[in-house]
Amino acid sequence: MFVTFNLIGLFIFLFLFWRKMKEDYLPNQIFSTFFYILFFMLVSYFVSINFFFPWWFWFTYLGFILGLVIGLLRFKLKFYETFETAFLGFLICFSMYLLGDSVKNLSVVSFAGFVVSMILIGIFQFIDIHYKNFSWYKSGKVGFTGLALSLLFFLVRILAYIFFPNTLSFIPNYEIYLSSISSFIFLALTYNLSRS
């Protein structure tokens with residue numbers, strides 16, 4: 001059942017990635033980039049659970065970033081648009097992982113994490129529809145939704161760590177710093193995009 005939930009997450013990721021990118025890029029570019037992301041996510045995940053278990057989320061996230069960067073560089077994809085779609089897919093995979101863990105281990109905390117992730121995905125859909133109407137978002141450029149989702153995601157991780165430090169994907173003593181740095185990076189990218 002746990003594996004099934006994760007496979008569902010990956011298939012949803014692939015479908016969304018293909019659907020959002022197919023107007024601007026060739027199928028080979030889309031599927032190859034997805035393969036890079038998937039490959040490095042899986043390698044990083046399996047390395048972490050065997051040797052650095054508490055770091056599994058961050059290893060997987062770095063694998064996701066590495067695969068994405070390789071696809072961006074090799075096929076000269078547009079960063080903001082590609083990252084937006086890819087991060088949404090990453091969040092869906094993470095959500096399904098939490099759902100699978102909640103079923104497998106009867107974990108209330110993992111199920112709560114799944115619910116929060118679903119709420120973030122709902123917020124993504126709302127922002128994606130309305131962001132061009134935000135008076136303070138002067139540029140109106142594509143990519144804002146993905147950056148906003150990323151910023152919210154890591155801010156939620158900070159808050160969750162404060163109240164539930166022993167949660168599955170958190171690293172004791174380091175989580176607050178890593179999530180804070182990530183939040184700052186996405187805040188800076190969002191600000192830069194809004195002004196460009």
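Determine, from the Cβ-Cβ distance of Val47 and Phe126 and an R0 of 45 Å, the FRET efficiency 1/(1 + (r/R0)^6), rounded to the nearest 0.05.
Numbers: r = 36 Å, r/R0 = 0.81.
E between Val47 and Phe126, to the nearest 0.05, is 0.80.
Here are some values of Cα extents along the principal axes in Å: (1) 116, 31, 21; (2) 78, 46, 27; (3) 43, 37, 25. Which one was computed from this structure?
Answer label, from the structure shown: (3).
So what's the gap between the Cα centers of segment 65-121 and segment 26-53, to the nearest angstrom?
Spelled out, the Cα-based centre of one part sits 12 Å from the other.
Only helical DSSP H runs with n ≥ 4 go in: add -39500 (n - 2.57) per run for the chain, normalise by residue count and round the 222 nm mean residue ellipticity to 500 deg cm²/dmol. Working shown, then result.
Numbers: 7 runs with 156 residues, N = 196.
One gets -28000 deg cm²/dmol as the mean residue ellipticity at 222 nm.
Round to the nearest 0.05 the FRET efficiency obtained for Ser107 and Ser194 when R0 = 35 Å and r is the Cβ-Cβ distance. Please report the intermediate quantities before stating the final value.
On the way: r = 38 Å, r/R0 = 1.09.
About 0.35, to the nearest 0.05.
Can you give the charge dipole size of segment 1-122 about its Cα centre, rounded to the nearest 20 debye, using +1 on the beta carbon of Lys and Arg and -1 on the beta carbon of Asp and Glu?
Dipole of segment 1-122, to the nearest 20 debye: 160 debye.
Values in this text are rule-based calculations from the coordinates and carry no lab data. Quick caveat: nothing in here was measured; it's all calculated off a predicted structure. A quick note on method: Cβ atoms are made from the backbone with ideal geometry, for glycine too, and the neighbour counts reach across all protein chains shown.
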